[in-house]
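Q: Attaching a single structure in structure tokens format; questions to follow.
Read-outs: derived from the displayed coordinates by stated rules, not from any lab. Predicted model, so just to flag it, every value in this text is computed and none were measured. Reconstructed Cβ throughout: ideal geometry from the backbone, glycine too, with neighbour counts over all protein chains shown.
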Amino acid sequence: MKSIRVSEFGEPSVLKLEEVPDPVAAAGQVVVKLHAIGVNPVETYVRKGIYGPRAFPYTPGSDGAGVVETVGPGVTAFKPGDRVYVSTAVSGTYAEKALCTVAGVHPLPASVSFEQGAALGVPYATAYQALRHRARAEAGETLLIHGATGGVGVAAVQIARAMGLRVIGTGGSQRGRSMILKEGAHHALDHTASGYLDEVMSLTGGNGVNLILEMLANVNLAKDLTVLAKFGRVVVIGNRGKIEIDPRETMKRDAEIRGMTLFNATERDLHAIHSALVAGLENGSLRPIVGQTLALAEAAKAHEEVMKPSGAFGKIVLRP
């Protein structure tokens, strides 16, 4: 089968399309023939070596969707031909096929396309973990999603609305802002415009927001603290550098800054997350948005696109 392989840390050019042996399912494992593959910013950090040593060569990726091809001994939850999405893979997902544990594979309703299924794993699980388990969001609270037009942001808009939150999202393009309004955000602000945080305060009657999901903390965290309500929480989902903040802004509000990475989610967390996501797909409250589809051989271009600083629009997907 064809697979993207990485043999050294470096720029996107280290992503090479190669022929590798087909995976074989052992006990408790499933081989999925992938029809679509999700691309996430975290995979660029791994490629650069930011997340530590790797055994080379490796195949990137954890997200995808397709059809179960074979199952290993003892697997009863899935059978060949089942439509599934993948949230973690033993072999990586930037390939025509992926070897997965049963826990990393989830039912994909017939109403959801494979491209949409490939947009679920990291973005929707991250958004759910941030809102439900880290922010402990409650119905009736007001949420600011700072960077709402990318994969995680769109997921957070939809999940937050299903949870009964009032949602203010920001985006760097008119296209993106129109999209998050369509997906349920009550307000969409241009975070490239001066004074947009004044509008946040105006929309909340001067009280500020209860929750902030922050996708670019190195740019926004200091500003976030100034628009939090008393007892507000910021959950840091994305960051690309250092920032200086004034801790007094947290003191005045009894505010909290909570970091998160999906890597720290427990098995119990993940079971709850994906049970909720499958239910949301079935009832239509979750509708993944795919902004761009590229060929598997264009993985390097996908890594460049996913790290562009503004104008995000949904999820980037590769097709084998």
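Q: What net charge do the residues around E115 carry, taking every other residue with its C-beta under 9 Å from that of E115, with Lys and Arg at +1 and Asp and Glu at -1?
A: On the way: positive: K315, R319; negative: none.
Result for the local shell: +2.
Q: If you keep only loop residues by DSSP, which chymotrypsin sites (Phe, Trp or Tyr not before Pro) in region 30-104 have at most 16 other Cβ atoms within 10 Å of their Cβ? Don't jump to the answer; show the numbers that get you there.
A: Numbers: sites: Y45, Y51, Y58, F78, Y85, Y94; in loops: Y51, F78, Y94.
Here the chymotrypsin sites (Phe, Trp or Tyr not before Pro) that fit, given the DSSP loop and packing criteria, are Y51.
Q: Now a separate question. Rounded to the nearest 0.05, what FRET efficiency do S275 and S113 give with R0 = 25 Å and r taken as the Cβ-Cβ distance? Could you check? Before the final figure, lay out the partial values.
A: Details: r = 21 Å, r/R0 = 0.85.
That gives a FRET efficiency of 0.75.
Q: A further question follows. Report the convex hull volume per residue for region 1-80, counting only C-alpha atoms, in Å³.
A: Values: hull volume 8.9 nm³, N = 80.
Spread over its residues, the Cα hull of region 1-80 gives 111 Å³ apiece.
Q: Counting only other residues whose beta carbon sits under 13 Å from that of L181, what net charge do I get with K and R as +1, D and E as -1?
A: Details: positive: R161, R175, R177, K182; negative: E183, D190.
Summing Lys and Arg as +1 and Asp and Glu as -1 gives +2.
Q: At a 10 Å Cβ-Cβ cut-off, how would you order M251, M201, fewest neighbours first? Walk me through the intermediate numbers first.
A: Values: M251 9, M201 14.
Ordered from fewest to most neighbouring Cβ atoms within 10 Å, M251, M201 come out as M251, M201.
Q: Run the numbers on the chain and let me know its relative contact order in percent, using alpha-carbon pairs under 8 Å that are six or more apart.
A: Numbers: 761 pairs, mean separation 59.9, N = 320.
Relative contact order of the chain: 19 percent.
Q: Using a simple charge model, +1 on the beta-carbon of Lys and Arg, -1 on the beta-carbon of Asp and Glu, nothing else, what dipole does region 123-263 show about its Cα centre, in debye to the nearest 20?
A: On the way: 17 positive and 13 negative charges, 58 e Å.
Once rounded to the nearest 20, the dipole reads 280 debye.
Q: While we're looking at this one, here's another question. Set the Förster radius R0 to 25 Å, insert the Cβ-Cβ distance between V67 and V20 as r into 1/(1 + (r/R0)^6), and round the FRET efficiency to 0.05.
A: Efficiency, rounded to the nearest 0.05: 0.80.
Q: Please give me, ordered by residue number, the GluC sites (Glu not before Pro) of region 107-142 that lie in loop per DSSP and have at most 13 other Cβ atoms within 10 Å. Walk me through the numbers on the way to the answer.
A: Numbers: sites: E115, E138, E141; in loops: E138, E141.
Here the sparse-neighbourhood loop sites are E138.
Q: Under 1.5 on a/c is rounded, so check that first for region 123-263, then, if it is not, pick prolate when a/b is larger than b/c and oblate when it is not; a ≥ b ≥ c are the square roots of the alpha carbon gyration tensor eigenvalues.
A: Details: a/c = 1.26, a/b = 1.16, b/c = 1.09.
Rounded, since a/c falls under 1.5.
Q: Anything over 30 Å Cα to Cα? Flag those among K182/K252; K16/K223; K2/K308; K16/K308, in the order listed. Write down the numbers at each step before the final one.
A: Details: K182/K252 36 Å; K16/K223 40 Å; K2/K308 27 Å; K16/K308 21 Å.
K182/K252; K16/K223, as the Cα separations exceed 30 Å there.
Q: Also, I was wondering about something else. Can you give the local net charge around L262? Use residues other than it whose beta-carbon is closer than 15 angstrom to its beta-carbon, Lys and Arg +1, Asp and Glu -1. Walk me through the intermediate numbers first.
A: Values: positive: R132, R134, R258, R268; negative: E43, D63, E267, D269.
For residues surrounding L262, the net value is 0.
Q: Considering the chain as a Gaussian network with a 10 Å cut-off on Cα pairs, which listed residue, E183, E305, E96, attains the greatest mean-square fluctuation?
A: Of the options given, E305 has the highest mean-square fluctuation.
Q: Cα-based Rg (one decimal) and Dmax (whole number) for region 127-175, in Å?
A: Cα radius of gyration and Dmax of region 127-175 are 10.3, 31 Å respectively.
Q: Here's a follow-up. Stokes-Einstein D for the chain at 10 °C, 1.306 mPa s, Kirkwood Rh over Cα pairs, in µm²/s? Intermediate results must be reported in sequence, preceding the final value.
A: Numbers: Rh = 20.0 Å.
Roughly 79 µm²/s, to the nearest whole number.
Q: Quick check for you: which residues of region 151-187 have the amide N under 14 Å from the point 7 Å beyond the Cα of A139 toward its beta carbon?
A: 160-166
Q: Give the residue list of trypsin sites (Lys or Arg not before Pro) in region 171-244 that are DSSP loop and have at most 11 other beta-carbon atoms within 10 angstrom. Write out the running numbers ahead of the final one.
A: Numbers: sites: R175, R177, K182, K223, K230, R233, R240, K242; in loops: R240, K242.
Qualifying residues, ordered by number: K242.
Q: How big is D, in µm² s⁻¹, for region 161-216 by Stokes-Einstein at 37 °C and 0.692 mPa s if Rh is the Kirkwood radius over C-alpha pairs?
A: Numbers: Rh = 11.9 Å.
This corresponds to a translational diffusion coefficient of 276 µm²/s.
Q: Rounded to whole Å, give me the distance from the Cα center of region 252-317 to that of region 1-59.
A: Taking the Cα centre of region 1-59 as reference, the centre of region 252-317 is 18 Å away.
Q: Which aspartates and glutamates have a Cα lying under 18 Å from the Cα of K315, excluding residues fewer than 8 positions away in the same chain?
A: By straight Cα distance, K315 reaches E43, D63, E115, E183, E214, E298, E304, E305.
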